[in-house]
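Report on one structure; see the data block that follows.
The values are calculated or read from the model by the stated rules, or taken from the named source; none is laboratory data. Since we're looking at a predicted model, the values are computed, not measured. All Cβ positions, even for glycine, are placed from backbone atoms using ideal geometry, and neighbour counts span all protein chains on display.
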């Protein structure tokens, strides 16, 4: 009988040892995988800086890193931040190429991406295709076309900035890819009145900036369909009083900038009756409060 008791205890000890070994192996695997993620993320952040870019992380309402998962709360790293920002928007990024942006695949919380690089093409956006976190995208003087923008289908972008002469009417065809867009800026572009017809694909726009582009009075008629528009900047466009008057029908408009355009105070009078307590700027009257 004593022998049987000892044998039973021995079997129990083996089971406990196997269970403990399994748990330990899983834990070591988890730690190893997390160590790899941390190492890779830090390499990516370092590479962003090496390429002349800027990396920022945000946790809550503050810039900075965050603490690790519940099972490893002693780690403080930007990998665990709520969102990440990558900006390649300085003269140091002039030589940036498509393949350099492959590092973006390893930023799981990338929210804001800004690229100002003349050598970047449609192929660069392959590296953020399918991103679940990207909300803001700026492309300044790149070679990206509508083909590249369409790669981002399914990403709920909220803000899009397109600037530079390579931005054309054809580029704006891709706006149908971003029905969730709320802010759009088109600057120093080759977009014409015809290109503004594609704004019908982004009916939820609240802020629209169109500046220094070959857009005239006939183009503003397409803006009257943007009934949720609150801010409108038309600085530097060849619009006149005739082009500005139809915009008085935008009931939610709270800010209008027509600086460096032929618009006069007479044209802005169209906004006095339907809208009150709004701010307008023009080339002739820097600030009008109605």
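Here 249, 259 are screened, and the one residue that is surrounded by fewer than 15 Cβ atoms within 10 Å (Cβ to Cβ) and modelled with pLDDT under 95 is 249.
Could you tell me which residue of segment 130-149 is surrounded by the fewest Cβ atoms within 10 Å (Cβ to Cβ), considering only residues that are out of contact with any strand residue (DSSP E or B) (no Cβ under 7 Å at 6 or more places or on another chain) and at pLDDT 95 or above? Among those that are out of contact with any strand residue (DSSP E or B) (no Cβ under 7 Å at 6 or more places or on another chain) and at pLDDT 95 or above, it is 147.
Could you tell me whether segment 114-125 includes any residue that is buried (at least 20 other Cβ atoms within 10 Å of the Cβ), in a helix (DSSP H, G or I) and either free of Cβ contacts under 8 Å to residues at least 40 places away in the same chain or in contact with a helix residue (DSSP H, G or I) (Cβ under 6 Å, 6 or more places away or on another chain) (or both)? For segment 114-125, residues buried (at least 20 other Cβ atoms within 10 Å of the Cβ), in a helix (DSSP H, G or I) and either free of Cβ contacts under 8 Å to residues at least 40 places away in the same chain or in contact with a helix residue (DSSP H, G or I) (Cβ under 6 Å, 6 or more places away or on another chain) (or both): present. Here residue 122 fulfils each of the conditions (1) within 17 Å of the chain's Cα centre (by Cα); (2) farther than 18 Å from residue 150 by Cα apart from (2).
Within segment 225-255, the set of residues being assigned to a strand (DSSP E or B) and over 19 Å from residue 193 (Cα atoms) comprises 231, 255.
Each residue in segment 89-113 was checked for being outside any loop (DSSP other than H, G, I, E, B) and under 13 Å from the mean Cα position of the chain (by Cα), and 4 of them qualify. In segment 66-81, the qualifying residues are those that are over 18 Å from residue 48 (Cβ atoms) and outside any strand (DSSP E or B), and the one that is modelled with the highest pLDDT is 75.
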